[in-house]
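To start, I am sharing the structure in question, which I have written as structure tokens.
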Amino acid sequence: MGRYLDMINSPADVKMLTLEQLNVLAQEIREELITVLSKTGGHLGPNLGVVELTIAMHRVFNSPQDKFVWDVSHQVYVHKLLTGRRQVFHKIRQTGGPMGFAFRAESEYDCFGAGHAGTALSAALGMAAARDHGKSGEHVVCVAGDAALTNGITFEALNNIKNTTKRLVVILNDNEWSIAPNVGAIAEYLNRIVRHPSYSTAHKKIEHFLERFPKVGPEIRQIGHKVEEAVKGLIVPSLLFEEFGMRYIGPMDGHNTKELIETLEWAKQQDAPVLIHVLTKKGKGYEKALEDPQTFHGTGPFDIATGKGPAKKEGAPPNYQDVFGEAMVRFCDVNSKLVGITAAMPSGTGLIKLQKAKPDRYFDVGIAEEHGVIFAAGMAVMGYRPVCAIYSTFLQRAYDCIFQDVALQGLDVIFAMDRAGLSANDGPTHHGVFDISYARCVPTATLMAPKDEDELCDMLWTGLQLRGPIFIRYPKGAGEGVAIKQHPAVLPVGKAELLQHGTDVAIIFYGAVQKIAKETVTALQKEGLSVALINGRFAKPVDQEMLEKYGKICKVVCTIEDHVLMGGFGSIVAETLNDMNIRTPVARVGYADSFMEHASTNKEIQDKYGLSSAAAVQKVKALLAEPATAGKPQQFRVVSTAVDARSA
């Protein structure tokens, strides 16, 4: 007999299995997750932890009529296996395969997309309100991890539940982790509940007692509820979820399929919002993931027997985040006011190095980017030099805080924007291709991007000498392999770096796209052209002197950036030349005004959307073929090389 998993083509097939068969299915799903992700990489730990929970949800509810909303949604791999995507699951997060998060365009079973934390409860509450208003009958189920409770948006939603709907099922998936161990009072509160198992029995015992009296009136039931509150209050003070107007059930075993099914069936019948607190183990079913949940939260390919990824080649360049983390440790030695702040990403940002070396200079605020930025502003008021290490797309969540609480008040905060550029496997929620646009309009801001890891250290050191908000963007992954100076340099603010002089074409790149820029130079030189190569370094302030010089002597200016063209570095260059009345045509190489999908590698996306030397050369040659005289008044022309996703 084959696997039960191979018989599952939709949730209807899950409903046909017995409890014993469902338990076998859970084991098969775990084996599938481990086997596939050992080849592709992905969010292994979170998905191993929600196998029984996801099975129970599809057994009890009727998706897609009933709505499942997943917070962050990196734990939807099991959901995808059960909703018609089993046959393509081997390509998860790869080109042409399913996305690693819920994605509305991918399946009718993904009713709400995600990728950032804290959004699920608000979305679910909105769906419930719309259902109530339209008098339709579907259920809305929100699955949020305990880490989502550290996010302010979740509490804004909690505050509105009581006055919005009487029918909502919230599942609190408590595994004590986000990517790193959860921090703060919420984590301590949940631990306090878990330490008192009698807390979970108070409700059930009173319900069973009242069930003996089938004709009990509303007055007696109200008394029963008050008794229940009193009993729970004696065990754990401050019934947080009950105060928000929700019926709390738990904590319960999140790997007991029978108990999960029974509890969800009960929750379907309630006329009040219900919160079910389930305890799960991140990485359950794979010993290596249980031993190291932080690594296996989101892992690359690995050997199943050892849990180890491919050995790093000897002499391979360090990753940018590691260079940053080591620089923070070194710079803390000479700057007593320097501190590092992360929003639950100690490993991903490299600040785990600071945590280990100087724990008193390290702060983890949880998944709370808005709070993290204002927290940094508060430290700056007291004379400290905070560095907020936050992924480019995650920092978008704190934009108002950057504007109002840092820039407007003239405070000195450095934003180390990791994952600037593409994050191929994770897709549009994680591509950091908007930060130049959203940061450049902040008054008093300074924007920098290094061409390599040594320049990253220089920029961090330079930022510590400057005032106001400082944005330093750098990509995910390995650097260029250049040596890092023992003593970092202070860069002249707003000055580009001339790497090669030329008189026909000026190639100006910004950030870690030097390889593409050099390939473009080489190709154009083979055509007999004299080509200048310039490392932009600063997007704000931009080097006007350099632009004026090469805008006047060259026939074409070409900008290259790992960013959308709208409002990006190329826009800054074109605007600056225009303001100086220099009409030299500008070829901009970057991404279109669109969301780009996930893929197996960054290069696949770059080639598809026009960030390549081939595309740059084509556009430069097209402009050179037009009749124009550099530096003299003529029709102002800006040429984009990006491909619009809607026509790709």
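If you count only protein heavy atoms with a 1.4 Å probe, what accessible area per residue comes out for segment 247-375, rounded to a whole Å²?
That works out to 43 Å² per residue.
From the list (i) 1.47; (ii) 0.96; (iii) 1.06, can you say which value of Cα Rg over 2.2 N^0.38 Å was derived from the structure given?
Only one option fits the structure, namely (iii).
Order 133, 277 by their accessible area, 1.4 angstrom probe, all chains in place, largest first.
Ranking 133, 277 by accessible area, largest first, yields 133, 277.
Let me ask you something else. What full-extension length gain, to one decimal in nm, is calculated for residue 601 and residue 467 as 0.36 nm per residue of separation minus the Cα-Cα distance?
That works out to 44.5 nm of additional length.
Here is a further query. Just to make sure I understand: if all protein chains stay in place, what is the order of 174, 271, 405 by accessible area at 1.4 Å, largest first?
Heavy-atom accessible area, descending, gives 271, 405, 174.
Follow-up. Per-residue counts of other Cβ atoms within 10 Å, averaged by peptide: what ranking do you get for 440-446, 42-48, highest first?
42-48, 440-446
Something else: Which aspartates and glutamates, on any chain, are close to residue 552 with Cα under 19 Å apart, when same-chain ones fewer than 8 places away are left out?
List returned: 497, 504, 543, 575, 579, 626.
Which of 80/284; 284/308; 312/526 have a Cα-Cα distance over 25 Å?
312/526
Between residue 24 and residue 400, what is the spin-label point distance in nm, taking each point 7 Å from the Cα along the Cα→C-beta axis?
Taking the simple label geometry, residue 24 and residue 400 are separated by 5.4 nm.
Please identify the trypsin sites (Lys or Arg not before Pro) of segment 1-57 that satisfy two criteria: DSSP loop assignment and at most 15 other Cβ atoms within 10 Å. Which are they?
On the way: sites: 3, 15, 30, 39; in loops: 3, 15.
Counting only loop positions with at most 15 other Cβ atoms within 10 Å, the trypsin sites (Lys or Arg not before Pro) in segment 1-57 are 3, 15.
For residue 495 and residue 132 in the same chain, what is the full-extension length gain: residue separation times 0.36 nm, less their Cα-Cα distance, in nm?
124.8 nm
Show 13, 454 ordered by accessible area, largest first, where the area counts protein heavy atoms only and the probe is 1.4 Å.
Working: 13 50, 454 25 Å².
In descending accessible area the options line up as 13, 454.
Continuing with the same structure: Quick one: pull the percent of accessible area on the chain belonging to carbon and sulfur, 1.4 Å probe, ligands and nucleic acids left out.
54 percent
Would you list, by chain and number, the lysines whose Cα falls below 19 Å from the Cα of residue 162, excluding same-chain residues fewer than 8 positions away?
Excluding near neighbours in sequence, the set is 135, 226, 268.
For a quick check of your reading of the filter: which trypsin sites (Lys or Arg not before Pro) in segment 445-537 sit in a DSSP loop and have no more than 13 other Cβ atoms within 10 Å?
Here the trypsin sites (Lys or Arg not before Pro) that fit, given the DSSP loop and packing criteria, are 467, 485.
Another question, then. Heavy-atom accessible area per residue, segment 462-513, 1.4 Å probe: how many Å²?
Spelled out: the 1.4 Å probe surface of segment 462-513, per residue, equals 41 Å².
Just to confirm my numbers, what's the Cα centroid distance between segment 410-424 and segment 1-34 in Å?
Cα centroid of segment 410-424 versus Cα centroid of segment 1-34: 43 Å apart.
Further, regarding this structure: For segment 536-631, what is the accessible area per residue in Å² when the probe is 1.4 Å?
Counting only protein heavy atoms, the per-residue value for segment 536-631 is 38 Å².
Also, I was wondering about something else. Using the basic label-point model (7 angstrom from Cα toward the beta carbon), what is the residue 266 to residue 486 distance in nanometres?
6.8 nm
Tell me, in nm to one decimal, what length is gained between residue 358 and residue 163 on full extension, where the rule is 0.36 nm per residue of separation less the Cα-Cα distance?
Stretched out fully, the residue 358 to residue 163 stretch lengthens by 65.6 nm.
Arranged from highest to lowest average of other beta-carbon atoms within 10 Å per residue, in what order do the peptides 568-575, 620-627 appear?
Descending mean neighbour count gives 568-575, 620-627.
The values are calculated or read from the model by the stated rules, or taken from the named source; none is laboratory data. Just so we're clear, the structure is a prediction, and the values are computed from it rather than from any experiment. Heads up, the Cβs are rebuilt from the backbone with ideal geometry, glycines too, and the neighbour counts pull from every protein chain shown. Protein only, heavy atoms only, side chains kept; ligands, DNA and RNA dropped before computing areas. Shrake-Rupley method; radii C 1.70, N 1.55, O 1.52, S 1.80 Å.
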